[in-house]
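Here is the structure we will look at, set down as structure tokens.
The values are calculated or read from the model by the stated rules, or taken from the named source; none is laboratory data. Computed from a prediction, not measured in an experiment: that's the story for all the values here. Reconstructed Cβ throughout: ideal geometry from the backbone, glycine too, with neighbour counts over all protein chains shown. When the accessible area is computed, the model is the full protein with side chains, heavy atoms only, and any ligands, DNA or RNA have been set aside. Shrake-Rupley method; radii C 1.70, N 1.55, O 1.52, S 1.80 Å.
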Amino acid sequence: MSKQNGFHVVTPLLESTAMSKQIGTTVYLKMESSQPTGSFKIRGIGYMCQNVASSNKSKGVICSSGGNAGMATAYAARQLKLPATIVLPSSTPQLVAQKLKDQGAMVKVVGKVWDDANAEALRLAESEGLTVIHPFNHPLVWKGHSSIVHELKASLPSKPGAIVVSIGGGGLFCGIMEGLDEVGWGDVPVLCMETVGADCLSVALKARDLVTLPDITSEATCLGAKTACQQAFEYSKRPNVISEVVTDLQALEAVELFLDEERVLVELACGASLAAVYSGVIQRLQEEGRLPKPLDSLVMIVCGGGSMNLAQLQHLQAVIRKRPHL
């Protein structure tokens, strides 16, 4: 792994023998879990923080985050010697809050979900003259995330048959779409995965308009934006974009299988995309004629996640497996 401009690294692109065998085509894992902060977020957020620092006009940065975006902001701000304030919803694991403090950030806990924390971050930015680092809805963030696709273009022997990505507010998805356009891969199918109860993009597509979810009921709190960003909704209307939803249990089982097969622990939000293979979504889409069969190589964006450890995995196993499953 080599360091790129900014704070992210060029992450490994690994072939998964087990996943490839399961779906009958080569599956590549883009291991964003190997980033310094544990997730892809450092790409876009690091890029935006650099832009803020180079302007020399900011008193500091503030980010509302259920974890990974806050971690990326705190990490980049520390490197740039910028003061950082991170506003977290109460649903954020204590582990994350401590990690943020260890990076030197000031941490505030406000509200139940991300939208509440974001409202407080906007208020503080206004009153204290801080620059808002939005977790997903900013062109500089998308631009930073687009570097993933440029790395894929440099590493893959040919254009992939499809790319699988988890969707929360849509920042990573926007970056992937921007990158695909930039490298001439604009027609590659992109499969957007969400969990039931954090499925703001899927609900918006059905309604043909942006919809705000009444609440986040999924345990995948890092997918927990009640409303997708407008740009993600616009991209999702393209014919090569497919939206699918899995249950928390399917995402959890994917996390467990991935740990067994690839020896890497990722968070539930990442499990949503892994479930595309493990829960048979890819195969079903092929049977329905929505993905080609045979499929050229499949790229899984393993978005990672800094909020997962053994205790958190055990907590999710207890909570999710207690629920009645239809």
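Looking only at the chain, where both bridge partners belong to it, what percent of the DSSP beta bridges are antiparallel (to the nearest 5)?
Values: 5 of 33 bridges.
Close to 15 percent.
Return a single number: how many Lys pairs in the range 182-326, at a sequence separation of 8 or more or on separate chains, have alpha-carbon atoms below 29 angstrom apart.
So the count works out to 6.
Once the piece of chain linking residue 183 and residue 323 is laid out straight, how much longer is it, given 0.36 nm per residue of separation minus the C-alpha distance between them?
46.0 nm
Per residue, how large is the accessible surface of the chain? Use a 1.4 angstrom probe and give square angstrom.
With all protein chains present, the chain gives 40 Å² per residue.
Starting at the first residue of the range 122-138, write each ³J(HN,Hα) from the Karplus equation 6.51 cos²θ - 1.76 cosθ + 1.60 with θ = phi - 60°, in whole Hz, x for Gly and Pro.
Taking θ as phi minus 60°, the curve returns 5, 5, 5, 4, 5, 6, 10, x, 9, 8, 6, 9, 6, x, 8, 9, 7 Hz for the range 122-138.
Which is farthest toward the positive dipole end of the chain among 37, 203, 318, measuring Cα position about the Cα centre, with Cβ charges +1 (Lys, Arg) and -1 (Asp, Glu)?
Going by the charge dipole, the pick is 37.
How many angstrom lie between the Cα centre of the range 299-319 and the Cα centre of the range 48-126?
So the separation of the two Cα centres works out to 21 Å.
Looking at [x] 24; [y] 39; [z] 52, which value of percent of Cα pairs over 31 Å apart comes from a calculation on the structure shown?
The calculated read-out lines up with [x].
Using the per-residue mean of other Cβ atoms lying within 10 Å as a proxy for protection, in what order, highest first, do the peptides 88-96, 282-290 fall?
In decreasing order of mean packing, 88-96, 282-290 become 88-96, 282-290.
Go ahead and collect, in residue order, the members of the range 24-42 whose backbone nitrogen is under 19 Å from a label point 7 Å along the Cα-Cβ direction of residue 287.
24-25
Report the charge-dipole magnitude of the range 186-290 in Debye, nearest 20, computed about the Cα centre from +1 at each Lys and Arg Cβ and -1 at each Asp and Glu Cβ.
Around 500 debye, computed over the range 186-290.
Largest first, how would 208, 123 line up by accessible area (1.4 Å probe)?
208, 123
Compute, for the chain, the length of the dipole vector about the Cα centre, with Cβ point charges of +1 (Lys, Arg) and -1 (Asp, Glu) only. Units Debye, rounded to 20.
Dipole size: approximately 620 debye.
Stretch residue 90-residue 126 to full length: gain in nm at 0.36 nm per residue minus the Cα-Cα span?
Values: separation 36, 0.36 × 36 = 12.96 nm, distance 2.25 nm.
Full extension from residue 90 to residue 126 adds 10.7 nm.
At a Cα cut-off below 23 Å, give the lysines reachable from residue 59, other chains included and same-chain residues fewer than 8 away excluded.
Once the sequence-local lysines are set aside, what remains near residue 59 is 41, 81, 99, 101, 108.
Taking only DSSP H segments of four or more residues, each worth -39500 (n - 2.57), what value at 222 nm results for the chain once the sum is divided by all its residues, to the nearest 500 deg cm²/dmol?
It comes out at -13500 deg cm²/dmol, rounded to the nearest 500.
Counting only protein heavy atoms and a 1.4 Å probe, tell me what percentage of the range 126-225's accessible area is made up of carbon and sulfur.
51
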